[in-house]
Amino acid sequence: MLAPYACDAAATRGRRYPEQPAPTRTDFQRDRDRIVHSTAFRRLVYKTQVFLNHEGDLFRTRLTHSLEVAQLARSLARALQLNEDLVETIALAHDLGHTPFGHAGQDELNECMRLRQRGGFEHNLQSLRVVDELEERYPEYNGLNLCFETREGILKHCSRADALRLESTDPGGVGQRFLKRWQPSLEAQLCNLADEIAYNAHDIDDGFRSGLITLNQLENVALFQRFRQSAQSEHPSLSAPGASRRLMYEAIRRMLSAQVYDVIAATQAAIGRAKLTKPDDVRYAGPLVQFHADMRQASGELKAFLLKQLYRHPQVMQTTQEAKTVVKDLFDAYLNAPAEMQAGFAARAMADECSGTSDIADALRARVVADYIAGMTDRFAAREHARLTGRQLLL
Ligand code: MG
């Protein structure tokens with residue numbers, strides 16, 4: 001059922017450490033199972049998407065976000081005859097490197113790291129570090145030993161400097177495409193767009209649930225308003241005063257479907273124009289998974305609305321500020337006293353190459369601290385902060 005330009009597990013470029021194939025699963029199915037069983041995956045349930053975990057039980061977390069991305073990506077892959085197992089695997093892994101407290105945590109950790117090591121902290125690169133290095137499950141190597149295609153999909157952005165570093169340790173690996181300006185697989189491209197479609201939709205829902213976004217404000221977002229109006233004209237009961245939740249769900253549902261059908265049609269047309277015959281043709285074509293121009297524009301307008309009205313809402317900005325303080329304090333505390341970290345991280349930070357006052361030792365020590373903090377859940381970070389500083393923030 002796969003298109004000739006889809007990734008085929010039987011033709012994988014393989015794993016960093018060769019393994020016997022599994023008797024009943026393809027290599028991509030095996031990767032997915034390894035991700036679901038990883039520690040980093042379980043932590044996603046207590047990591048912020050937009051709202052902190054303790055602000056309400058029904059808001060998205062990184063885990064439920066990842067499941068929604070996987071659902072959308074699978075639907076799209078099936079319609080486009082791409083590899084469903086691979087898109088599910090990439091979607092479930094795509095946020096594994098996220099810090100506690102969402103983008104506030106990532107920005108602050110980057111700030112702390114930038115001063116000590118070139119490259120700073122970047123959550124995409126960290127997702128790759130999690131599956132390549134930080135998970136400790138197998139006797140003979142670090143990481144989950146995933147397939148090239150999965151790892152490539154996880155690394156959706158990468159600076160030139162980071163790509164050069166990856167290329168120096170792993171020539172021809174997942175850094176190469178950023179240096180050659182090649183595209184990743186269609187499955188990787190698809191997860192990227194599914195991520196955006198998912199968070200635009202669920203952030204409206206969470207924003208409305210929190211009371212920070214109102215239906216009146218959404219009248220200014222053409223994409224939402226179109227589907228709200230069609231829902232109300234077909235179902236007059238949705239205009240009743242008590243029906244706003246149901247109206248919201250129905251408008252979002254219609255909006256999601258329209259975006260999915262738009263991506264399928266626009267991508268099919270782009271694939272047709274590119275005359276693909278095999279997976280490698282994808283690399284040398286431009287980006288192919290896409291919206292039509294009018295949907296791209298409408299989706300951009302929705303994104304801009306969420307940025308202004310939700311992500312920069314004073315109430316969200318207040319927690320953002322506290323989250324940054326927690327991350328900065330933790331970073332300084334562990335750097336000064338590495339023994340305060342869990343045993344494995346403490347041992348890494350106190351190993352010979354991290355000792356002394358050289359810039360290299362300082363940078364290596366900082367990387368261990370960043371790995372430790374990035375792996376934390378929101379609540380573990382807040383508790384550690386209280387333990388180490390005596391201050392109660394975000395608890
Ligand atoms: Mg995401």
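The values are calculated or read from the model by the stated rules, or taken from the named source; none is laboratory data. It should be emphasised that the depicted structure is a prediction, and the values quoted were computed from it without experimental measurement. Positions of Cβ are generated from backbone atoms using ideal geometry, with glycine treated the same way; all protein chains shown enter the neighbour counts. To get the accessible areas, we keep the full protein, side chains included, count just its heavy atoms, and leave off ligands, DNA and RNA. Shrake-Rupley method; radii C 1.70, N 1.55, O 1.52, S 1.80 Å.
The count of lysine pairs in the chain whose Cα atoms are under 27 Å apart, excluding pairs fewer than 8 places apart on the same chain, comes to 17.
Using Cα-Cα distances under 8 Å and only pairs 6 or more residues apart, what relative contact order does the range 186-314 have, in percent? Here the relative contact order equals 36 percent.
Our note on the geometry: Cα centres of the range 166-206 and the range 275-301, 13 Å apart. Each listed q (0.21, 0.24 Å⁻¹) maps to a log10 I(q)/I(0) for the range 1-112, found by the Debye formula over equal Cα scatterers with no solvent: -1.11, -1.26. Based on protein heavy atoms only, the range 186-314 ends up with 46 Å² per residue of surface accessible to a 1.4 Å probe.
In whole percent, how big is the carbon plus sulfur part of the accessible area of the range 206-293, probe 1.4 Å, protein atoms only? Summing carbon and sulfur atoms, their accessible area is 54 percent of the total for the range 206-293. Highest mobility in the GNM of the chain, judged by mean-square fluctuation with C-alpha springs under 10 Å and restricted to 22, 381, 222, is found for 22.
In a DSSP loop and with at most 16 other Cβ atoms within 10 Å, the trypsin sites (Lys or Arg not before Pro) in the range 302-341 are 312.
Taking one equal scatterer on every alpha-carbon of the chain, how large is log10 of I(q)/I(0) by Debye at q = 0.14 1/Å? These q points yield log10 I(q)/I(0) values of -1.31. For the range 9-180, the relative contact order works out to 21 percent when only alpha carbon pairs closer than 8 Å and six or more residues apart are counted.
Residues in the range 40-50 carry Karplus couplings, in order, of 4, 5, 5, 5, 4, 5, 10, 10, 5, 8, 10 Hz; the curve used is 6.51 cos²θ - 1.76 cosθ + 1.60 with θ = phi - 60°, and Gly or Pro positions show x. Summing charges over all other residues whose Cβ lies under 13 Å from the Cβ of residue 177, with Lys and Arg as +1 and Asp and Glu as -1, gives +1. Computed on the range 186-314, the Cα convex hull volume stands at 111 Å³ per residue.
Over the chain, DSSP H runs of length four or greater, each weighted -39,500 (n - 2.57), average out per residue to a 222 nm ellipticity of -18500 deg cm²/dmol. Based on C-alpha pairs under 8 angstrom that are at least 6 apart in sequence, the chain has a relative contact order of 20 percent. Between amide H atoms placed 1.01 Å from N, distances below 5 Å from residue 289 occur with no residue 5 or more places distant or on a separate chain. When a 1.4 Å probe is rolled over the protein heavy atoms, the share of accessible surface on the range 9-180 that falls to carbon and sulfur comes to 48 percent. Applied to the range 57-70, the Karplus parametrisation 6.51 cos²θ - 1.76 cosθ + 1.60 on θ = phi - 60° returns per-residue 3J(HN,Hα) values of 7, 9, 6, 5, 10, 4, 5, 5, 4, 4, 5, 5, 4, 4 Hz, with x for Gly and Pro.
For the range 65-124, applying the loop criterion from DSSP together with a ceiling of 13 other beta carbons within 10 Å to the GluC sites (Glu not before Pro) yields no site. Shown here for the range 116-156: chymotrypsin sites (Phe, Trp or Tyr not before Pro) in loop regions (DSSP other than H, G, I, E, B) with at most 15 other Cβ atoms within 10 Å, namely 141. Computed in the context of the full set of protein chains, the accessible area of the range 316-389 at 1.4 Å probe radius has 53% of its extent on carbon or sulfur. Each residue of the range 235-250 was assigned a 3J(HN,Hα) from its phi angle through the Karplus expression (A = 6.51, B = -1.76, C = 1.60, θ = phi - 60°), giving 10, x, 4, 6, 8, 5, x, x, 9, 5, 5, 5, 4, 4, 4, 5 Hz with x at Gly and Pro.
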